[in-house]
Amino acid sequence: MATSRQELRAEETKRAILGAASELFAERGFDTVTMREIAKVAGCSHTTIYLYFKDKEALLHQLSMAPLQALHAQMEAILGDQAMTPEERLKFLSRIFLHFCLSQKTMYTVFFMTQTSRVDESEPTLEIQKLRNQLFGLLQQAIAGCLPVGLDDAQFLAYARIYFFTLQGIIGTYTVSEEPYERVLERLTPTFDLAMEVLLAGCRETAKTRGV
């Protein structure tokens, strides 16, 4: 019985630490928050927090990996759906990504911008960055399927980056909005879809005019 109570308290402490880290990272950014501050908000000592997480990177991993893995599974399933055209797959992948980011808008910067490195880095140090790069890779595959044949890897990467930057621009516009994300999506999904169609058309035309 005593062991069960100890395990319960330990789990409660861990949840409190994660909740505090999530709140502080979202409010002030990953870099400015200290482990001591997280411990204070969580209601534990600055030494106790290290029994559960060795550093902020471990907290970042714990907070981010499960949601991003779920997003990866959704995107991978869409990419593998051969019943859809390449354009439909890209459209749905884009929607899924937008919906995820806007539904997690307080954590968007933590999930995608914290401790980040290049999307084309082959062996990033952090597991979360490996997963981010895999997400970008799925998007890159979807875009490649919609572009003319004959592009080389550098060109595919360039167009994927342009597409991704546009997605991030849309997301960044609404991460600070007080309007509920469901209302944003209901009101603006047709505009988002059109933006992606226009962007893809521009990428295709650019590829053609450059002689591909």
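The values are calculated or read from the model by the stated rules, or taken from the named source; none is laboratory data. What you are looking at is a predicted structure, and each value in this text was computed from that prediction instead of being measured. A quick note on method: Cβ atoms are made from the backbone with ideal geometry, for glycine too, and the neighbour counts reach across all protein chains shown.
Of the residues that make up the range 26-37, is at least one surrounded by 12 or more Cβ atoms within 10 Å (Cβ to Cβ), outside the structural domain of PHE100 (by TED's automatic domain parsing) and in contact with an Asp or Glu (Cβ under 9 Å, 6 or more places away or on another chain)?
For the range 26-37, residues surrounded by 12 or more Cβ atoms within 10 Å (Cβ to Cβ), outside the structural domain of PHE100 (by TED's automatic domain parsing) and in contact with an Asp or Glu (Cβ under 9 Å, 6 or more places away or on another chain): present.
Anything in the range 92-108 that is in contact (Cβ under 8 Å) with a residue 60 or more places away in the chain and not hydrophobic (A, V, I, L, M, F, W, C)? List them, or say none.
Those that are in contact (Cβ under 8 Å) with a residue 60 or more places away in the chain and not hydrophobic (A, V, I, L, M, F, W, C): SER94, ARG95, HIS99, SER103, LYS105, THR106, TYR108.
Taking ARG183 as the residue in question, decide whether it is in the same structural domain as LYS105 (by TED's automatic domain parsing), within 24 Å of PRO86 (Cβ to Cβ) and part of a helix (DSSP H, G or I).
Working: in the same structural domain as LYS105 (by TED's automatic domain parsing): yes; within 24 Å of PRO86 (Cβ to Cβ): no; part of a helix (DSSP H, G or I): yes.
Judged against the criteria, ARG183 is not a match.
Could you pull out the residue among GLN115, GLN141, GLN129 that is of a type in the set (S, T, N, Q), part of a loop (DSSP other than H, G, I, E, B) and crowded, with 16+ Cβ neighbours inside 10 Å?
Just one listed residue meets the conditions, GLN115.
Looking only at the range 49-95, count every residue that is within 24 Å of LEU126 (Cα to Cα) and part of a helix (DSSP H, G or I) and tell me the total.
25
Quick one: is ALA10 in the same structural domain as GLN140 (by TED's automatic domain parsing) and either in a loop (DSSP other than H, G, I, E, B) or loosely packed, with under 15 Cβ neighbours inside 10 Å (or both)?
Criteria not met by ALA10.
What are the residue pairs meeting all of these: first residue in the range 65-91, first residue touching a residue at least 24 places away in the same chain (Cβ under 8 Å) and more than 11 Å from LEU138 (Cα to Cα), second residue among the small types (Gly, Ala, Ser) and surrounded by 11 or more Cβ atoms within 10 Å (Cβ to Cβ), Cβ atoms under 8 Å, and 6 or more apart or on different chains?
As it stands, the answer is PRO86/ALA142; PRO86/GLY145, since those pairs meet every condition given.
Can you tell me which of (1) crowded, with 19+ Cβ neighbours inside 10 Å; (2) under 16 Å from GLN134 (Cα atoms) is the one GLN74 doesn't meet?
With respect to (1) crowded, with 19+ Cβ neighbours inside 10 Å; (2) under 16 Å from GLN134 (Cα atoms), GLN74 is out only on (1).
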